[in-house]
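**Q** Please find one structure pasted underneath; my questions will follow.
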Amino acid sequence: MISLLLHACCGPCSLEPVRLLRAEGFEPTICWTNPNIQPASEWERRLSTLRDWAANVAHVDVVVAGDDRAAWERAVAPAGFDRERRCRACYALRLSESCRVARELGFTHISTTLAVSPYQLFDACGETLRALASANGLTPVWRDFRPHYAEATRESRELGMYRQNYCGCRFSAAEAAIERHAARDERKRTRAEARVRI
Ligand code: SF4
């Protein structure tokens, strides 16, 4: 087994990456560094969900790394609703802290659970992980876990895990709320049109 530090964004997104990486011959240790998650109560809830699952179900160690919220406000928040620029900066902040921890703890390989979510900017995240891993003398283990997202959703529901409905920052919470409202309006419009046809 090759030891690997796995940056994790939350519990539900960790299920499949941990299983698949183990099947490949890696033994992951989870690294939590997510200063993007707002508000603080949400950060605590996601970490607690992750820790419960890691300790009682997956039997995987969790390292809680730095969560520099001031750095997130400086490096990421100014991008506002420019999603590409904002998320690239957010990935860079979290994965750079993960690389620092990996080096400090003697890991040679690094990965992230962000690669399981179809809602993330997959290519931007992969480029960021590769660049930072190379700058830190680490081997990036970048896999497309997205085909396993549906299974992660099913299993996390079955386990009764808390599942959030936005990525993490205040901008993503606003964007997700707008999308939900738009979807609800569309459903109403479709129902109204169907009634007219009857
Ligand atoms: S949407 Fe997610 S990845 Fe992008 S900046 Fe917000 S928390 Fe970070």
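The values are calculated or read from the model by the stated rules, or taken from the named source; none is laboratory data. Keep in mind that this is a model prediction, so the values were computed, not measured. Glycine gets a Cβ as well: all are built from the backbone with ideal geometry, and neighbour counts include every protein chain shown. Only protein heavy atoms, including side chains, enter the accessible area calculation; ligands, DNA and RNA are left aside. Shrake-Rupley method; radii C 1.70, N 1.55, O 1.52, S 1.80 Å.
**Q** List, please: which pairs have Cβ atoms under 8 Å, are six or more places apart or on different chains, and start with a residue in region 167-180 that is without any contact (Cβ under 8 Å) to a residue 24 or more places away in the chain and end with one that is surrounded by 17 or more Cβ atoms within 10 Å (Cβ to Cβ)?
**A** Qualifying pairs under 8 Å: SER172/TYR166; ALA176/TYR166; ALA176/CYS167; ALA177/TYR166.
**Q** Still on this model: Please count how many residues of region 172-198 are modelled with pLDDT under 85 and under 30 Å from PHE81 (Cβ atoms).
**A** 0
**Q** Identify, please: which residue in region 121-157 is among the basic types (Lys, Arg), under 15 Å from PRO17 (Cα atoms) and away from the ligand (no atom under 16 Å from the Cβ) and is, among those, least open to solvent (accessible area, probe 1.4 Å)?
**A** If we filter region 121-157 for residues that are among the basic types (Lys, Arg), which is where we start, we get 130, 143, 146, 154, 157.
Filter again for under 15 Å from PRO17 (Cα atoms), leaving 143, 146, 154.
Filter once more, so that each one left must be away from the ligand (no atom under 16 Å from the Cβ): 143, 154.
Working: ARG143: 79, ARG154: 113 Å².
Among them, the one singled out is ARG143.
**Q** So is GLU104 out of contact with any Phe, Trp or Tyr (no Cβ under 6 Å at 6 or more places or on another chain), within 18 Å of ALA8 (Cβ to Cβ), surrounded by fewer than 22 Cβ atoms within 10 Å (Cβ to Cβ) and without any contact (Cβ under 8 Å) to a residue 24 or more places away in the chain or not?
**A** On the way: out of contact with any Phe, Trp or Tyr (no Cβ under 6 Å at 6 or more places or on another chain): yes; within 18 Å of ALA8 (Cβ to Cβ): yes; surrounded by fewer than 22 Cβ atoms within 10 Å (Cβ to Cβ): yes; without any contact (Cβ under 8 Å) to a residue 24 or more places away in the chain: yes.
Against the criterion (out of contact with any Phe, Trp or Tyr (no Cβ under 6 Å at 6 or more places or on another chain), within 18 Å of ALA8 (Cβ to Cβ), surrounded by fewer than 22 Cβ atoms within 10 Å (Cβ to Cβ) and without any contact (Cβ under 8 Å) to a residue 24 or more places away in the chain), GLU104 qualifies.
**Q** Moving on to the next point. Evaluate the following for ARG86: is it within 12 Å of the ligand (Cβ to nearest atom) and either buried (at least 22 other Cβ atoms within 10 Å of the Cβ) or part of a helix (DSSP H, G or I) (or both)? Walk me through how you get there before you give the answer.
**A** Details: within 12 Å of the ligand (Cβ to nearest atom): yes; either buried (at least 22 other Cβ atoms within 10 Å of the Cβ) or part of a helix (DSSP H, G or I) (or both): yes.
In short, yes.
**Q** Could you count how many residues in region 70-83 are part of a helix (DSSP H, G or I) and either farther than 23 Å from GLY126 by Cβ or away from the ligand (no atom under 12 Å from the Cβ) (or both)?
**A** Here is the first cut: in region 70-83, the ones part of a helix (DSSP H, G or I) are 70-75, 77-79, 83.
Now narrow it down to the ones that are either farther than 23 Å from GLY126 by Cβ or away from the ligand (no atom under 12 Å from the Cβ) (or both): 70-71, 73-74, 77-78.
Result for region 70-83: 6.
**Q** Please determine, by comparing only the residues of region 158-186 that are of a type in the set (Asp, Glu) and within 13 Å of the ligand (Cβ to nearest atom), which one is farthest from the chain's Cα centre (by Cα).
**A** Let us first name the residues in region 158-186 that are of a type in the set (Asp, Glu), namely 158, 175, 179, 185-186.
Cutting the leftovers down to within 13 Å of the ligand (Cβ to nearest atom) gives us 175, 179.
On the way: GLU175: 17, GLU179: 20 Å.
Only one residue tops the list, namely GLU179.
**Q** Read through the list (1) open to solvent by 40 Å² or more (accessible area, probe 1.4 Å); (2) more than 15 Å from the ligand (Cβ to nearest atom), then give the number of the only condition that ASP67 fails.
**A** Looking at each condition in turn, ASP67 falls short on (2).
**Q** Within region 23-64, track down each residue that is part of a loop (DSSP other than H, G, I, E, B), open to solvent by less than 40 Å² (accessible area, probe 1.4 Å) and within 16 Å of the ligand (Cβ to nearest atom).
**A** Residues of region 23-64 part of a loop (DSSP other than H, G, I, E, B): 24-25, 33-39, 59-61.
If we keep only those that are open to solvent by less than 40 Å² (accessible area, probe 1.4 Å) too, we end up with 25, 33-38, 60.
Of everything in region 23-64, those that are part of a loop (DSSP other than H, G, I, E, B), open to solvent by less than 40 Å² (accessible area, probe 1.4 Å) and within 16 Å of the ligand (Cβ to nearest atom) turn out to be THR33, ASN34, PRO35, ASN36, ILE37, GLN38.
For every residue, the table says whether it meets (1) under 25 Å from SER14 (Cβ atoms); (2) among the basic types (Lys, Arg).
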| site | (1), (2) |
| --- | --- |
| ARG130 | yes, yes |
| ALA133 | yes, no |
| LEU138 | yes, no |
| ASP144 | yes, no |
| TYR166 | yes, no |
| THR190 | no, no |
| ALA194 | no, no |
